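Please read the structure below before turning to the comments.
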Amino acid sequence: MAIVVNLDVIMAKRKMSAGDLAEKIGITPANLSILKNNKAKAIRFSTLEQICKALDCQPGDILEYINEE
């Protein structure tokens, strides 16, 4: 996949567990795990906004484009 989710890296830098983040942003730990492990096909902007607010980061800190050529 060309878009990589670096959520685990930002969470580690902020010393926040997946359970804590899921609770803060109002999604299930299972859905957060899907996102964190690059299994998600899409993300709502409202969810991305809540993640950025909770982790005090920018969307570009979480999402990265990698050219697969």
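The values are calculated or read from the model by the stated rules, or taken from the named source; none is laboratory data. On a predicted model such as this, the values are computed, not experimentally measured, just so you know. Using ideal geometry, Cβ is built from the backbone for each residue, glycine included, and neighbour counts are taken over all protein chains shown.
Sort out which residues of region 32-42 are over 9 Å from the mean Cα position of the chain (by Cα) and either more than 15 Å from Met11 (Cβ to Cβ) or among the charged types (D, E, K, R) (or both), and write them in order of number.
Residues satisfying the conditions are Lys39, Ala40, Lys41, Ala42.
Quick check: is even one residue across region 17-24 exposed (fewer than 14 other Cβ atoms within 10 Å of the Cβ), outside any helix (DSSP H, G or I) and either under 12 Å from the mean Cα position of the chain (by Cα) or of a type in the set (Gly, Ala, Ser) (or both)?
The answer is yes, given that some residue of region 17-24 is exposed (fewer than 14 other Cβ atoms within 10 Å of the Cβ), outside any helix (DSSP H, G or I) and either under 12 Å from the mean Cα position of the chain (by Cα) or of a type in the set (Gly, Ala, Ser) (or both).
Tally time: how many residues in region 2-12 are without any contact (Cβ under 8 Å) to a residue 60 or more places away in the chain and either within 23 Å of Glu68 (Cβ to Cβ) or surrounded by 12 or more Cβ atoms within 10 Å (Cβ to Cβ) (or both)?
Looking only at that region, the number is 7.
Scan region 35-51 and report the pairs whose first residue is without any contact (Cβ under 8 Å) to a residue 24 or more places away in the chain and whose second residue is surrounded by 17 or more Cβ atoms within 10 Å (Cβ to Cβ) and not in a helix (DSSP H, G or I), with Cβ atoms within less than 7 Å and a gap of 6+ or a chain change.
Thr47/Ile27
So if I check each of Ala42, Ala54, which one is small (Gly, Ala, Ser), modelled with pLDDT of 95 or more and on the phi < 0 side of the Ramachandran plot?
Every option except Ala54 fails the conditions.
Please pick out the residue among Leu35, Leu48 that is surrounded by 10 or more Cβ atoms within 10 Å (Cβ to Cβ) and either touching a strand residue (DSSP E or B) at 6+ places or on another chain (Cβ under 7 Å) or not in a helix (DSSP H, G or I) (or both).
Leu35
Name the residues in region 57-69 that are in contact (Cβ under 8 Å) with a residue 12 or more places away in the chain and either hydroxyl-bearing (Ser, Thr, Tyr) or exposed (fewer than 10 other Cβ atoms within 10 Å of the Cβ) (or both), would you?
Within region 57-69, Tyr65, Ile66, Asn67, Glu68 qualify.
If you take the residues in region 1-16 that are over 12 Å from the mean Cα position of the chain (by Cα) and not hydrophobic (A, V, I, L, M, F, W, C), which one is farthest from Gln58 (Cα to Cα)?
Only one residue fits best here, namely Lys15.
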